[in-house]
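Have a look at the structure below, then the notes.
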Amino acid sequence: MTATIIDGKAIAARLSQSIADAAKRLTAEHGVEPGLAVVLVGDNPASEIYVRSKTAKTAAVNMRSSFYKLPATAPEAELLELVERLNQDPTVHGILVQLPLPPQIDSRKVIEAIAPAKDVDGFHPLTAGLLSTGLPGIVPCTPLACIMLAKHVHKSLAGLEAIVIGRSNIVGKPLAQLLLIENATVTIAHSKTRDLPEVCRRGDIVFAAVGRPEMVTGDWIKPGATVIDVGINRVPAEDGKSKIVGDVDYAGVAEVAGAVTPVPGGVGPMTIACLMLNTLTAACAQAGLAPPEIRTP
Ligand code: NAP
């Protein structure tokens, strides 16, 4: 079997177009220009790249983007003060503090300092609580991206066996909650799971969010299953430089799976599009308006 490639880049481009149209209408009809503030602390090269692409994308979908950079040595109090200023700023509807933060700063404290209404990353404990109790609220971007990509293949996820590898607060756990909302039967696997390959082979859909390059191989996958690869791992390339690979051995898995996301070009671009969607939704909510009508890509 040769898997269908789930083209996250193309799907994200369609979603972004719909968001850009809705943002333009929001500004024209209600005078609300959605605004996203991105905060970077330090000079982590990977974070610099992520932040640059997020700010560029914000402008491309007709939203206001603002960028704040603090030195790697910035004290925690300085970051908390900036977050509070952004919480109070009515032109800012979404706040994103790029992780990881330098060791002198407690990420948990910073995440909890972001006003839940502006928590477009969806990492605040209140946001997590709303999701796990099935109440409406912001949905974390990467898990939302994963669900959209899975639904690109399966009209309904109801009754499907979904295996989520990874139980982090930012990917694995919220993804499992979303899958439950979609009526999938969910297994969350982690580093202590016994016989992970056997667990994976049960999956009609396998989501890999592990952070281990190409760990999931073709023999872990049930023929015809859908595989969504969340991983972003930088590894040495043949030419002496480096390249990005996922948590899935793409070539091997593509021979067995029914559909698979590539890395890059799968979950990554959809995550950024979902960040834009969350910012737009947050702007509508803060203006007392109904959520935007967005065409499903
Ligand atoms: P994380 O916080 O490090 O969590 C990794 C999870 O994988 C943990 O639950 C861990 O289990 C589990 N794990 C580690 N080794 C394992 C093994 N050998 N077998 C089974 N499970 C194992 O990572 P994360 O933040 O969730 O990110 C996961 C990956 O997604 C990373 O590659 C990251 O770069 C990527 N990512 C991509 C996007 C995107 O936009 N595409 C966004 C976020 C993250 P324990 O809990 O038992 O330790």
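The values are calculated or read from the model by the stated rules, or taken from the named source; none is laboratory data. The structure displayed is predicted, hence computed values, not measured ones. Cβ: placed from backbone, ideal geometry, glycine included. Neighbour counts: every protein chain shown. What goes into the accessible areas is simple: the full protein's heavy atoms, side chains included, and nothing from ligands, DNA or RNA. Shrake-Rupley method; radii C 1.70, N 1.55, O 1.52, S 1.80 Å.
Would you mind stating whether ALA37 is surrounded by fewer than 14 Cβ atoms within 10 Å (Cβ to Cβ) and of a type in the set (Gly, Ala, Ser)? When the stated conditions are applied, ALA37 does not pass them. The number of residues in the range 199-242 being open to solvent by 90 Å² or more (accessible area, probe 1.4 Å), away from the ligand (no atom under 11 Å from the Cβ) and free of Cβ contacts under 8 Å to residues at least 60 places away in the same chain comes to 6. You will find that of LYS118, LYS109, the residue that is buried (at least 22 other Cβ atoms within 10 Å of the Cβ) and basic (Lys, Arg) is LYS118 and no other. Can you say whether LEU175 is without any contact (Cβ under 8 Å) to a residue 60 or more places away in the chain and touching a Pro at 6+ places or on another chain (Cβ under 7 Å), as far as the supplied structure shows? Against the criterion (without any contact (Cβ under 8 Å) to a residue 60 or more places away in the chain and touching a Pro at 6+ places or on another chain (Cβ under 7 Å)), LEU175 qualifies. If I filter the range 97-104 for residues that are more than 24 Å from the chain's Cα centre (by Cα) and either closer than 23 Å to CYS141 by Cα or open to solvent by 60 Å² or more (accessible area, probe 1.4 Å) (or both), do I get at least one hit? Yes, that holds for at least one residue. Scanning the range 42-51 for residues that are among the hydrophobic types (A, V, I, L, M, F, W, C) and open to solvent by 10 Å² or more (accessible area, probe 1.4 Å) gives ALA46, ILE49. Candidates are the residues of the range 75-96 that are among the β-branched types (Val, Ile, Thr) and open to solvent by less than 30 Å² (accessible area, probe 1.4 Å); the one that is nearest to the chain's Cα centre (by Cα) is ILE95. Cβ-Cβ under 7 Å, sequence separation 6+ or interchain: first residue in the range 254-282 and without any contact (Cβ under 8 Å) to a residue 40 or more places away in the chain, partner open to solvent by less than 20 Å² (accessible area, probe 1.4 Å) and within 16 Å of the ligand (Cβ to nearest atom). Which pairs? If the second residue must be open to solvent by less than 20 Å² (accessible area, probe 1.4 Å) and within 16 Å of the ligand (Cβ to nearest atom), the pairs left are VAL263/ASP229; VAL263/GLY231; VAL263/VAL245; VAL263/GLY246. Apart from one condition, VAL164 fits all of (1) open to solvent by 20 Å² or more (accessible area, probe 1.4 Å); (2) closer than 18 Å to GLY266 by Cβ; (3) out of contact with any Asp or Glu (no Cβ under 7 Å at 6 or more places or on another chain); (4) not in a helix (DSSP H, G or I); the exception is (1). Checked against the criterion of being open to solvent by 70 Å² or more (accessible area, probe 1.4 Å), in contact (Cβ under 8 Å) with a residue 60 or more places away in the chain and of a type in the set (Lys, Arg), the candidates LYS69, LYS24, LYS54, LYS9 yield just one match: LYS9. Of the residues VAL253, VAL267, VAL260, the single one that is within 18 Å of ILE11 (Cβ to Cβ), away from the ligand (no atom under 11 Å from the Cβ) and open to solvent by less than 20 Å² (accessible area, probe 1.4 Å) is VAL260. Evaluating GLU182 against the criteria (1) within 23 Å of SER47 (Cβ to Cβ); (2) open to solvent by less than 70 Å² (accessible area, probe 1.4 Å); (3) in contact with a helix residue (DSSP H, G or I) (Cβ under 9 Å, 6 or more places away or on another chain) leaves one unmet condition, (1).
For VAL230, the criteria (1) in contact with a Phe, Trp or Tyr (Cβ under 9 Å, 6 or more places away or on another chain); (2) closer than 22 Å to THR58 by Cβ hold in every case but one, which is (2).
Residue-by-condition table, conditions (1) in contact with a Phe, Trp or Tyr (Cβ under 9 Å, 6 or more places away or on another chain); (2) over 20 Å from CYS146 (Cα atoms); (3) assigned to a strand (DSSP E or B):
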position	(1), (2), (3)
ARG194	no, yes, no
PRO213	no, no, no
ASP219	no, yes, no
LYS222	no, no, no
ASP239	no, yes, no
ILE244	no, no, yes
VAL253	yes, no, no
